[in-house]
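Visitor: Structure provided below as structure tokens; questions to follow.
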Amino acid sequence: MADAAEDIADVIVVGAGGSGLFAAIEAAEMGRKVLVLEKNPAPGGMTVWSVGSISSSASPMQMAIGIIDNPSAHFEDMALFHGPLLSRDNPELRKVLVENVPETLRKLLDMGVVFFGPMPEPPHRVPRMHNVLPNSRAYGRALYRRARQLGVDVRLSHPVSRLILKDGRVVGVEVAKDGLNRSYYARRGVILAGGDFSANPEMKERYAGPEVALADALVKTSTGDAHRLALAVGAEIVNGDLVAGPQLRFVPPKVNLMKMLPPSRPIALVMKWAMAKLPGWLIRPFIMMFLTTVLEPQRKLYESGALLINKDGLRFSDECDKPQFSVPLQPNKEAYIVLDGRLAKMFSAWPHYISTAPGVAYAYIPDYRRNRKDIYHQANTIRGLAAKIGVPAGAFENTIADYNRSPRQGTPGLLTPPYVALGPVRSWVLTEGGLKVSTAMEVLSHDGTPIPGLYAAGATGQGGIILEGHGHHLGWAFTSGRLAARSASLQEVSLPLQAKQHAN
């Protein structure tokens, strides 16, 4: 039996992703004893699966190239991304983000994280997008190392099953592990940082509807556990109907060379030097490994005449009318993008690209042929292409023939060999709904009052802020984690050692 002191910390963090680890670091730097409980066998969470960019004003990288920028300008420009969602945004949380993300970025630099940029992304008035090198795993490595240096107690494979209340205050959590329930107590506060609920079909259907519920999650363990913990004690979810996606993306490669790169600082520095000094033709193949892996194919493909066909060789929807909602209804929940030689040639050069990362590069058909042999299929006949992708030849030939009799307006149809199929593609989604929070990251109840002792960060505590544009989700994850930890750490000690036995 572990010593009773191991069951009590100043601050308990639920989740060891980017927001949770940053919260743990901030609290530990304030001199607090911190316990992190993570349900997965490894830290990192959704952060290590992200594209990896952070948008910030007033960064050292901006200053180094003479860019004068400030949080007020960033605040104004963020609103330009939102379009019709602007009325759904929480401007107080947006202000909190832009005013604090510069310090977040500087802390990451102090931890040894390397960035390339800043890169432009209109309507930002100046370049603000800072891209991590060599990949997003660098965040997880740097944060976990710093947390361990500070003496943070990180316990993996520790799923939290409920929050513990005493006199209306959250004073701890209960972990269900190996058939046993064990309680852990927090003198100052509990921070929920468990990611989104994109892998929870029931929650997706409840908040965003049945069509969204069918889409896959990028991270299979993002099951909304932290949201459910808070809902059970009176919290509420804001903007639960908003999602990033669904988007059609290619299935990931079985071997991802970019993700396999060790997230070490020396490798990152070599990459940064190469990207700044070497000619584009030399480094482009490496950038394409990223662009052909994680980004969605552009709508322009379908507008130009490309088709989506399912595993039965059939066309199942209008490709320009939200096909991301109909793909999950197909066999294996997947489809293929079919082009002919005319389209393949068109999408081999600017301005017709397959995918892009703003301000970084564009990927064309030759890039997919070179870097994604697993999803690039080519044949001189429709029957031959059917064999390559494993669909019934007769049905596929009939589908193409039917389309060619009445092709999309302004296009000639799919007439010119060789024929190309890209895929499979699947429909993926990230949920944007988070717990309603104050600017101090306190979780709020239905009546708008804080639930004592409870805080939230990252996707769990997105709380009404709209994060359109690249680099804002990660910026929010890390920054809200820092702010939640500050708020929790400054609370009065509420749970003497002898009081834990009286909690219920």
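Taken together, the values in this text are just the output of simple stated rules run on the coordinates, not laboratory data. What you are looking at is a predicted structure, and each value in this text was computed from that prediction instead of being measured. Here the Cβ positions follow ideal geometry from the backbone for every residue, glycine too, while neighbour counts run over all protein chains shown.
Visitor: Give me the dipole magnitude in Debye, nearest 20, for the chain about the Cα centre, with unit charges on the beta carbon: positive for Lys and Arg, negative for Asp and Glu.
Guide: Computed charge dipole of the chain: roughly 1540 debye.
Visitor: Can you give the FRET efficiency to the nearest 0.05 for S183 and K220, using r as the Cβ-Cβ distance and R₀ = 25 Å?
Guide: Given R0 = 25 Å and the Cβ-Cβ separation, E is 0.35.
Visitor: Can you find, among G413, G461, G434, the residue farthest towards the positive end of the dipole of the chain? Put +1 on the C-beta of Lys and Arg, -1 on that of Asp and Glu.
Guide: Farthest towards the positive pole: G413.
Visitor: Please state the Cα pair-distance histogram of segment 1-97 with 5 angstrom bins from zero: what percent is in each bin?
Guide: Percent of Cα pairs in each bin: 2, 10, 13, 13, 17, 16, 13, 8, 4, 2, 2, 0.
Visitor: Pull up the cross-link candidates among the aspartates and glutamates for K33, meaning alpha carbon to alpha carbon under 15 Å and not fewer than 8 places away within one chain.
Guide: Those aspartates and glutamates meeting the cut-off are E6, D7, D10, D153, E492.
Visitor: Between their Cα atoms, which of K204/K311; K95/K322; K220/K254; K220/K272; K254/K311 are more than 28 Å away from each other?
Guide: K95/K322; K220/K272, as the Cα separations exceed 28 Å there.
Visitor: In Å, the Kirkwood hydrodynamic radius of segment 115-270 over pairs of distinct alpha carbons?
Guide: 19.3 Å
Visitor: Still on this structure: For a quick check: with amide H placed at 1.01 Å from N, whose amide H comes under 5 Å from R162's, ignoring anything fewer than 5 positions away on the same chain?
Guide: E174
Visitor: Something else: If a paramagnetic tag sat 7 Å from the Cα of R145 along the Cα-Cβ line, which residues of segment 89-131 would have the backbone N under 11 Å from that point?
Guide: Under cut-off, by backbone N: 111-114.
Visitor: Residue by residue, what Karplus-based ³J(HN,Hα) values in Hz, rounded to whole numbers, does segment 43-53 have, using 6.51, -1.76 and 1.60 with θ = phi - 60° and x for Gly and Pro?
Guide: Values, residue by residue: x, x, x, 5, 4, 6, 9, 7, 4, x, 9 Hz.
Visitor: Kirkwood Rh over alpha-carbon pairs of segment 247-429, then Stokes-Einstein at 25 °C and 0.890 mPa s: what D in µm² s⁻¹, rounded to an integer?
Guide: 143 µm²/s
Visitor: As a footprinting exposure proxy, order S57, S87, S326 by other Cβ within 10 Å, with the fewest listed first.
Guide: Ascending number of Cβ neighbours within 10 Å: S87, S326, S57.
Visitor: Then there's this: If you rank F75, F250, F478 by fewest surrounding Cβ atoms within 10 Å, what's the result?
Guide: F75, F250, F478
Visitor: Once phi is turned into θ = phi - 60°, what whole-Hz ³J(HN,Hα) does the Karplus curve with 6.51, -1.76 and 1.60 give for every residue of segment 431-440, x standing for Gly and Pro?
Guide: 8, 10, x, x, 5, 5, 10, 8, 5, 9
Visitor: Then there is this: Using a 10 Å cut-off around each Cβ, can you sort T460, T449 from fewest to most neighbouring Cβ atoms?
Guide: Lowest count first: T449, T460.
Visitor: What aspartates and glutamates sit close enough to K107 to cross-link, taking a C-alpha to C-alpha distance under 19 Å and skipping anything fewer than 8 places away on the same chain?
Guide: By straight Cα distance, K107 reaches E26, E29, D69, E99.
Visitor: Ok, one more. Work out from phi, with θ = phi - 60° and the Karplus expression 6.51 cos²θ - 1.76 cosθ + 1.60, the ³J(HN,Hα) of each residue of segment 324-334, listed in order in whole Hz, and give x for Gly and Pro.
Guide: 4, 8, 9, 4, x, 8, 8, x, 6, 6, 8
Visitor: Work from the charge dipole of the chain (Cβ charges, +1 for Lys and Arg, -1 for Asp and Glu, about the Cα centre) and give the residue of L143, L343, V270 farthest towards its positive end.
Guide: Going by the Cα projections, it comes out as V270.
Visitor: Could you name the lysines in cross-link range of K177, using Cα to Cα under 19 Å and dropping any fewer than eight places away on the same chain?
Guide: Cross-link targets: K39.
Visitor: Relative contact order for segment 247-429 using alpha-carbon pairs under 8 Å, separation at least 6, rounded to a whole percent?
Guide: So the answer I get is 31 percent.
Visitor: Across the chain, how large is the tail of the calculated P(r) beyond 30 Å, expressed as a percent of all Cα pairs?
Guide: Distances greater than 30 Å cover 51 percent of the Cα pairs.
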